[in-house]
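J.: First the structure, then my questions, so here it is.
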Amino acid sequence: MSKIRILPEIVSNKIAAGEVVERPASVIKELVENALDAESTRIVIEVEGGGRRTIRVSDNGGGMDRDDALLALERYATSKIASDTDLFSIRTLGFRGEALPSIAAVSRLTIVTREKQADAGTEIRVSGGKIEHVAETGAPPGTMVTVENLFFNTPARRKFMKSVATEMGHIADSIAGIALGHPEVYFRLVHDGRALKSWPAAVDRLDRVAAVLGAGLRGYLYPVARQADCGAVSGWVSDPKQFRSTSRGVFVFVNGRHVRDRVVQHALLAGYRQRLVKGQYPVATLFIGIPHDQVDVNVHPTKNEVRFAQQHLIHGLVQAAVSETLECLNRPQWGRTEEPRPAFLRKDPCIAENREISYGAEGPRRGAETANGRAHEPPGQEGGEGRAAQAPYGAGRGRDDFAQNGTGRTLPGRPRQTAPQAVDGRLPEQAALWEKTGFGGLRLIGQLHNSYVLCESEGGLVLVDQHAAHERILYERLRRRSERLKTEAQRLLVPETIELSFHEAVVLERLMAEFDAFGLEIEPFGTNTFVVRSVPAMLAGRDIATLVREIVETLAAEGFGDGPEAPLDASLKLIACHGAIRAHQALSDRQIRELLSGLDACENPSNCPHGRPTWLRWSIRELEKSFKR
């Protein structure tokens, strides 16, 4: 008797359902994405019992006729791809042709649908994958899909469903993520007859971001916008002070598709490098637009993950965009006028007055004429390739253009969005703002507990952490590895020997040449023994053996990941920390002035190399409010 057999269709459908339908939120995601592909502008999601009893998704999209509605319930039936080449240039949110039959295989499903021009609609009822009823019915234009008794015929799967509150949490998160990516669509979520969320259609994308993430966060969100040959990115990132303990506040969209992507998340955190301490995550909403044939969205059954053809370029694009925006926050404005954020950072990154960019088969088309008839120079002629922040999302209308919903269509009545133009890598008004900043211009009040420097600005009180500030100054000086550092190095009268383990010795040998560049001269002295002959002036009098051991122990434990510069960078952070002014150390006025001037020379004066803030500020308004004035 043969051991190999063809599974019955009902069993294979249940297996497919297990891949696509993980929980009620999975069902809703698939149905909502189908509604968006149907060009809906209004989507209502009704849930009962956390999705166990009923899920209903209603839309006002294009709808289907009787034949198409029946075909939609067949495996691998879809209107979204026609050939194998289409699989490598997906322009829709759904495409696999498995969602509806998979859902129908593990539930009691009803479809009521009507095309706009049709006189009557079609109703289809399916139970456990078997069609039980097909008839004409009265219905508004669009489609309504009702899913009842999810997993009724797969009790093993049903018993693993969580509590109503847990399942509703997943549903709400899923809808929130989709709503962020489609501000032009009205969304409404109802549970057990009570409206939980309602997001009206928004012209300004930031209105939808604030509605989903919270209005209180709006004043702490800063726009990012950058374009390069590989694609473009826009969106908003939070002030480093507005951090979260998990990455749940990070939303990434690729051509309109809400995804979880490690490459983009790593690039985002790299952009925040030295602005957040370990274990902190920003709040961010990033919209990435790239040619459809440069991203594979078919790498996961639930379409939650993507794979980029040029991952390193996308990583560099996102990191550069985030870094450029955050650099604008490093130079505080000490004026009396209180602005929640600098003027050039209050602009919508998706709205510009004079530039559009779109993607065709040959890549970005630049210099396109705008609505006013003027042609603009390519970004490379304005200050370097990839430097200008252009229209990153949904700006074009060509065959391969990516539109706002990631479908490749410019939908009627939906706002097209472009990005603010940058000159020489800076957003407008940035240069003028930086001229008004400076720690050296603060009026010195004194020290608090010999640890914090108190200063007065026109707008309030500024507190500087002397250790964190000096650590930042020393770190950047070490990063430059100037000849001055080497000439200032002090040779030890009695060279200090250090004995390490075999693994630690290998780590130190890889870094000796780099250390020598800034005056830390270390040589092998036996099997696993090394001798320190000179140290940078900043480390004079410090316990150099302890420092070297801390460096090699840290790198031996964490490894040499994140590129060749990472080990050296980690080493420089520790060296700067050991060489910096300590807390509880009295400073003269001259030393404090040198410290403040040193901050002005830093690229990132607002954070120490480990991400802690170097200064805090209380405005006059905040002080008066605290004193009830």
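The values are calculated or read from the model by the stated rules, or taken from the named source; none is laboratory data. Everything numeric in this text was worked out from a predicted model, so none of it was measured. Here the Cβ positions follow ideal geometry from the backbone for every residue, glycine too, while neighbour counts run over all protein chains shown. Just so you know, the surface numbers come from the protein's heavy atoms only, side chains and all, with ligands and any DNA or RNA stripped out. Shrake-Rupley method; radii C 1.70, N 1.55, O 1.52, S 1.80 Å.
J.: For segment 104-222, which whole-number percentage of the solvent-accessible area (1.4 Å probe, protein heavy atoms only) is attributable to carbon and sulfur atoms?
T.: Here carbon and sulfur together make up 52 percent of the probe-accessible area.
J.: For segment 131-195, what does the alpha-carbon gyration tensor say about shape, rounded, prolate or oblate, given a ≥ b ≥ c as the root eigenvalues, a/c under 1.5 as rounded, and a/b over b/c as prolate?
T.: The shape class here is oblate.
J.: From the cross-link list K162/K278; K29/K130; K29/K116; K130/K159; K241/K625; K197/K278, which pairs have alpha carbons spaced over 27 Å apart?
T.: K162/K278; K197/K278
J.: In nm, to one decimal, how far is the R510 label point from the D67 one, both placed 7 Å along Cα→Cβ?
T.: 6.4 nm
J.: Related question: With the cut-off at 1.5 for a/c, could you classify segment 542-614 from its C-alpha gyration tensor as rounded, prolate or oblate?
T.: Judged from the Cα gyration tensor, segment 542-614 comes out oblate (a/c at least 1.5, b/c at or above a/b).
J.: What does the charge add up to near L492, with Lys and Arg as +1, Asp and Glu as -1, over the other residues with Cβ less than 13 Å from its Cβ?
T.: Counting the neighbours of L492, the net charge comes to -1.
J.: Tell me whether segment 123-165 comes out rounded, prolate or oblate; compute the Cα gyration tensor, take square roots of the eigenvalues as a ≥ b ≥ c, and use a/c under 1.5 as the rounded threshold.
T.: Cα axes put segment 123-165 in the oblate bin.
J.: Length gain on complete extension for the stretch K116 to D173, per 0.36 nm per residue less the alpha carbon to alpha carbon distance?
T.: Between K116 and D173, full extension yields an extra 17.4 nm.
J.: Sticking with this one: Starting from 0.36 nm per residue, how many nanometres of slack lie between R194 and E553 once their C-alpha separation is accounted for?
T.: 123.6 nm
J.: Here's something else I'd like to know. Excluding A505 itself, calculate the net charge of residues whose Cβ lies under 13 Å from the Cβ of A505, where each Lys or Arg counts +1 and each Asp or Glu counts -1.
T.: Within the 13 Å Cβ shell, the charges total -3.
J.: Over the heavy atoms of I445, what accessible area does a 1.4 Å probe trace out, to the nearest 10 Å²?
T.: My reading of the accessible area for I445 is about 90 Å².
J.: Right, another one. For the full complex of protein chains and a 1.4 angstrom probe, list H584, H503, H133 by accessible area with the highest value first.
T.: H584, H503, H133
J.: Here is a follow-up. Got a sec? What order do D229, D239 fall in by accessible area at 1.4 Å, biggest, i.e. largest, first?
T.: Details: D229 90, D239 25 Å².
If we order D229, D239 from most to least accessible, we get D229, D239.
J.: Going toward the positive end of the dipole of segment 109-262, with +1 on Lys and Arg Cβ and -1 on Asp and Glu Cβ, which of I178, A156, Q242 do you reach last?
T.: Going by the Cα projections, it comes out as Q242.
J.: Can you give the accessible area of C608 in Å² (nearest 10), computed on protein heavy atoms with a 1.4 Å probe?
T.: Taking all protein chains as shown, C608 has close to 0 Å².
J.: In what order, largest first, do T527, T41 sit by accessible area if the probe radius is 1.4 Å?
T.: T527, T41
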